Amino acid sequence: QTLSITGYCNFIHKGSDECDNFLKFIGKKCEAFVAVEETRLRKGLVKMLKERCEIMPTNAIHNHAIVPKSAHIGYGNFIDAGVVIGAGAKVPNHCVIHSNATVGYGVVLSDFVQIGAGSIINGEVIIREGTFIGSGVTIVSGVTIGKNARIGAGSVVITSVVDGETVFGNPAQTVKK
């Protein structure tokens, strides 16, 4: 049996009685999937499951997603309907890939990446940990997206993005804070 850990965990805090009761409820033999989009919360829940329950969240891959055998898929990923993963792509752990997104040939994602609906990540792109990519984004081949970067919806990314940078537009430009 697989348990989806969603809204209930929004108010669980490590060490609280409710958290301990919840962990007793799911037990150490239960598979779990963390269905939370907010990266910081997802990281915390994954850490709790790994440390306190000694389990790694399972994948949730829609039966209308296309994932070739040559792709590397880690643990705890959500891959929605209509997603196409290219040959040789790497989707490590705890990534969220929304409906109709395309992750091209040889793309390398890092942990906790989120890709919005309808986005197209062309071949040989590298996306570092914790990056958020909005809906309808296009990233051209060969670009590297830095750790914890944010790409605004509908953007076209034609050059690499540095760690922590937020970009938006066509072509994507740095958003001034």
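Classification of region 53-177 by its C-alpha gyration tensor yields a prolate form. The axis ratio a/c (a ≥ b ≥ c) is 1.5 or more, and a/b outweighs b/c.
Residue separation of Lys147 and Arg40 scaled by 0.36 nm, minus their Cα-Cα distance, works out to 37.1 nm of gained length. Solvent exposure of region 106-177 amounts to 44 Å² per residue of accessible area, where only protein heavy atoms count and the probe is 1.4 Å. Taking Cβ atoms as reference points and 11 Å as the exclusive limit, the residues near Asn148 contribute a net charge of +1, counting Lys and Arg as +1 and Asp and Glu as -1. Once C-alpha pairs closer than 8 Å and six or more residues apart are averaged by separation and normalised to the residue number of region 37-177, the relative contact order reads 13 percent.
The values are calculated or read from the model by the stated rules, or taken from the named source; none is laboratory data. Predicted model, so just to flag it, every value in this text is computed and none were measured. Cβ atoms come from the backbone with ideal geometry, glycine included; neighbour counts cover every protein chain shown. We work out accessible area using only protein heavy atoms, side chains counted, and drop any ligands, DNA or RNA first. Shrake-Rupley method; radii C 1.70, N 1.55, O 1.52, S 1.80 Å.
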